[in-house]
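Reading through the structure tokens given below for one structure.
The values are calculated or read from the model by the stated rules, or taken from the named source; none is laboratory data. For clarity, every value in this text was computed on a predicted model and none was experimentally measured. Cβ sites come from the backbone with ideal geometry, for glycine too, and all protein chains shown count toward neighbours. Ligands, DNA and RNA are stripped out before the accessible areas are found, and what is left, the full protein with its side chains, is counted by its heavy atoms. Shrake-Rupley method; radii C 1.70, N 1.55, O 1.52, S 1.80 Å.
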Amino acid sequence: MSTLPLEGIRILDLSMWWSGPLCTSYLGAQGAEVIKVESIQAPDGFRYTATLPGENWWEFGAQFNSANMNKIGITLNLADPKGKSLFKELVEKSDVVIENFTAGVMENFGLDYETLREINPKIIMLSMPAYGKTGPFGKQPGFAYTFEILSGIAQVNGYEGGNPSIISGVGDVISGSHTAFALLSALEYRERTGKGQEIEVAQVEACANLVGQAIVDVSMNNNNWGRLGNRQPGLAPHGIYRCKGEDSWVAIAVTNETEWKNLCKALGEPNWSKEERFQTMESRCQNEDELDSLIETWTTRFGHYEAANLLQAVGVGAGPVLEVDEIEDDRFLEGMFQEMTRELVGTHKYPAWPIKFSGERIMQKTVAPMLGEHNGYVFSKILGLSDEEIQRLEQDDIIGTVPIGARGTVETASK
């Protein structure tokens with residue numbers, strides 16, 4: 001793609017962990033210059049996920065490295081007056097500021113929207129508080145797991161008769177996707193009107209947006225969905241079915257009578273498929289336990305790919321349930337993964353973006369930045385600081401490349 005849609009847009013990214021960084025990584029892939037702002041006093045906590053203390057261990061967080069592609073990275077202590085002053089200079093030269101701190105943190109820094117708007121009237125500031133900036137939980141911190149629980153997602157996820165289940169961080173992905181849409185809308189509005197604005201994306205509300213049907217059903221009809229495993233209200237068959245081999249499964253979803261007839265053909269039109277109790281969607285839902293057991297007598301004869309291929313060939317929605325080590329070679333995900341090489345961690349395959357413009361997939365542009373990797377570029381080229389001024393910032397711990405908490409505890413490559 002010769003010209004990317006967000007070329008010329010500069011984003012100051014204060015967000016951490018997954019929700020905000022996912023959003024800005026996507027916008028960076030579309031051409032925006034994203035400056036990830038951390039500090040050596042408190043680097044992004046995602047850097048340390050699934051790592052062990054050791055040499056440069058803050059650079060080995062696999063989730064951090066995946067969530068922060070397409071960015072340049074700096075460190076800047078916003079609690080220091082000089083660091084705050086430099087951030088304001090960057091705001092003057094930027095289009096967007098995004099943060100997902102607990103509500104009140106930016107105000108405590110003296111960097112609320114009203115302050116930033118005085119510096120740059122066209123600035124777009126997006127905040128991602130856990131539960132909104134006001135209300136009983138306005139000042140409370142939150143993570144994806146709490147968003148899933150309080151939004152209702154966990155309530156409808158899990159096996160029938162079992163406990164509510166979280167989906168291991170999906171709340172971050174949901175809120176990050178909503179945030180990307182909000183920022184793109186604000187940029188389009190600014191292009192038409194010349195006006196910036198303040199945006200608030202309450203992450204738990206973004207998650208609640210995805211269970212609207214269940215919320216409306218309980219509020220209007222007092223019908224609490226509860227947990228249904230892999231079933232879907234009003235559809236049958238709909239679920240995961242055991243296949244030949246150890247822990248091998250195929251997903252099947254039938255949404256209308258044509259697909260049901262095609263499924264019966266694929267199964268060889270067994271006698272049970274002609275029984276009255278299976279002739280309508282309603283009656284199939286009423287006899288779902290028996291129906292699932294009968295279908296599984298067929299699926300257990302095949303491997304998960306073989307069963308899926310047979311069903312897809314006759315127009316039935318089906319797919320193999322994949323192990324993680326099967327995903328990269330799956331034909332349905334062909335072209336989705338790209339090899340990227342990052343210093344210290346080596347070459348690995350990372351997922352690209354599931355979006356194509358004119359048939360061309362949005363790919364990752366650059367690997368995640370090392371801590372403070374682009375301090376020199378940002379402070380000299382963008383802000384015009386001299387080498388001596390940058391050196392003083394390092395001496396005063398306003399910027400740096402090694403977390404303060406790691407000094408004297410582990411060896412670093414810089415020694």
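Taking the residues in the stretch 290-309 that are open to solvent by 40 Å² or more (accessible area, probe 1.4 Å) and within 33 Å of the chain's Cα centre (by Cα) as candidates, determine which candidate is farthest from residue 273 (Cα to Cα). Once the filter is applied, the top-ranked residue is 305.
So which of 176, 239, 226 ends up being open to solvent by less than 50 Å² (accessible area, probe 1.4 Å), of a type outside the set (A, V, I, L, M), in contact with a helix residue (DSSP H, G or I) (Cβ under 8 Å, 6 or more places away or on another chain) and in a strand (DSSP E or B)? Outline the logic, then answer.
Working: 176 fails: in a strand (DSSP E or B); 226 fails: in a strand (DSSP E or B).
Of 176, 239, 226, the one residue that is open to solvent by less than 50 Å² (accessible area, probe 1.4 Å), of a type outside the set (A, V, I, L, M), in contact with a helix residue (DSSP H, G or I) (Cβ under 8 Å, 6 or more places away or on another chain) and in a strand (DSSP E or B) is 239.
In the list 143, 147, which residue meets the criterion of being at pLDDT 85 or above, aromatic (Phe, Trp, Tyr) and within 15 Å of the chain's Cα centre (by Cα)?
On the way: 143 fails: at pLDDT 85 or above.
When all the criteria are applied, what remains is 147.
Tell me which residues, restricted to the stretch 97-123, are in contact with a Pro (Cβ under 7 Å, 6 or more places away or on another chain) and surrounded by fewer than 20 Cβ atoms within 10 Å (Cβ to Cβ). Selection gives 102 alone. Within the stretch 23-44, can one find any residue that is of a type outside the set (A, V, I, L, M), touching a His at 6+ places or on another chain (Cβ under 9 Å) and more than 23 Å from residue 400 (Cβ to Cβ)? Yes: the stretch 23-44 contains one or more residues that are of a type outside the set (A, V, I, L, M), touching a His at 6+ places or on another chain (Cβ under 9 Å) and more than 23 Å from residue 400 (Cβ to Cβ). Taken over the stretch 124-164, the residue count meeting the criterion of being in a loop (DSSP other than H, G, I, E, B), open to solvent by less than 40 Å² (accessible area, probe 1.4 Å) and not hydrophobic (A, V, I, L, M, F, W, C) is 8. Within the stretch 196-223, the set of residues being in a helix (DSSP H, G or I), in contact with a helix residue (DSSP H, G or I) (Cβ under 6 Å, 6 or more places away or on another chain) and polar (S, T, N, Q) comprises just one member, 203.
The C-beta contact set for the stretch 110-128 (first residue more than 22 Å from residue 181 (Cα to Cα) and of a type in the set (Val, Ile, Thr), second residue modelled with pLDDT of 95 or more and open to solvent by 20 Å² or more (accessible area, probe 1.4 Å), distance under 6 angstrom, 6+ apart or interchain) comprises 119/88; 119/92.
Within the stretch 1-27, the residues that satisfy the criterion of being part of a strand (DSSP E or B) and surrounded by 23 or more Cβ atoms within 10 Å (Cβ to Cβ) are 11, 12, 13. Within the stretch 319-330, is even one residue touching a residue at least 24 places away in the same chain (Cβ under 8 Å) and in a helix (DSSP H, G or I)? Checked the stretch 319-330: no residue is touching a residue at least 24 places away in the same chain (Cβ under 8 Å) and in a helix (DSSP H, G or I).
Taking the stretch 380-390 as the range and being open to solvent by less than 100 Å² (accessible area, probe 1.4 Å) and part of a helix (DSSP H, G or I) as the test, the residues that pass are 380, 382, 389, 390.
Any idea which of 252, 215 is touching a residue at least 12 places away in the same chain (Cβ under 8 Å), more than 30 Å from residue 122 (Cβ to Cβ) and open to solvent by 40 Å² or more (accessible area, probe 1.4 Å)? Outline the logic, then answer.
Numbers: 252 fails: open to solvent by 40 Å² or more (accessible area, probe 1.4 Å).
It is 215.
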